[in-house]
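Taking it in order: structure first as structure tokens, then the write-up.
The values are calculated or read from the model by the stated rules, or taken from the named source; none is laboratory data. Since the model is a prediction, treat every value here as computed from it, not as a measurement. Cβ: placed from backbone, ideal geometry, glycine included. Neighbour counts: every protein chain shown. Ligands, DNA and RNA are excluded from the accessible area calculation, which covers all protein heavy atoms including side chains. Shrake-Rupley method; radii C 1.70, N 1.55, O 1.52, S 1.80 Å.
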Amino acid sequence: MSDTTVFTPDYYRVFECREGKWYIKVGKLFYSKLPFAVDFNDFELLYGITKQQIIIELFRAGDGKSGYYLANLRGKQFYYCGIQPENVKFRLRKLGIGRDDPTE
């Protein structure tokens, strides 16, 4: 396990596949403009996609290989990132999200 920290918009979620089992990497919401509480794990309500559909698309993106996956739930785009948690940050940078030095 790793303690790599990744900041993403709410509609990007990180998943991990280990030995054919899928896990969502639990995140913490640190800011919301909404005046009411929302369950950010209710993907069907928020993004119109079920957890089963997400797993199918993640499997297609990486042939079900072990490792980390990134899902853009709003845009219905799915990416295989590799076996290292740092690969998720690299993929996000390729998508134009984040900075190499967050203080800049």
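For this structure, a couple of remarks:
Quick grid of which residues meet (1) under 18 Å from ASN41 (Cβ atoms); (2) in a strand (DSSP E or B):
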{"position": "ILE55", "(1), (2)": "yes, no"}
{"position": "ALA61", "(1), (2)": "no, no"}
{"position": "GLY64", "(1), (2)": "no, no"}
{"position": "LEU70", "(1), (2)": "yes, yes"}
{"position": "GLY75", "(1), (2)": "no, no"}
{"position": "CYS81", "(1), (2)": "no, yes"}
{"position": "LEU92", "(1), (2)": "no, no"}
{"position": "ASP100", "(1), (2)": "no, no"}
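- Hits in segment 20-41 - residues which are surrounded by 10 or more Cβ atoms within 10 Å (Cβ to Cβ) and either more than 15 Å from PHE78 (Cβ to Cβ) or at pLDDT 90 or above (or both): TRP22, TYR23, ILE24, GLY27, SER32, VAL38, PHE40, ASN41
- Being out of contact with any helix residue (DSSP H, G or I) (no Cβ under 8 Å at 6 or more places or on another chain), at negative phi, of a type in the set (Asp, Glu) and modelled with pLDDT under 95 is a condition met by at least one residue of segment 81-90.
- Test result for CYS17, touching a Ser or Thr at 6+ places or on another chain (Cβ under 6 Å), at pLDDT 95 or above and open to solvent by less than 60 Å² (accessible area, probe 1.4 Å): yes
- Residue check for ILE56: over 29 Å from ARG99 (Cβ atoms), of a type in the set (Val, Ile, Thr) and at pLDDT 95 or above: yes
- Some residue of segment 42-49 being modelled with pLDDT under 95, within 13 Å of the chain's Cα centre (by Cα) and outside any loop (DSSP other than H, G, I, E, B): yes
- Inclusion of LYS76 among residues that are at pLDDT 95 or above and surrounded by fewer than 16 Cβ atoms within 10 Å (Cβ to Cβ) is warranted.
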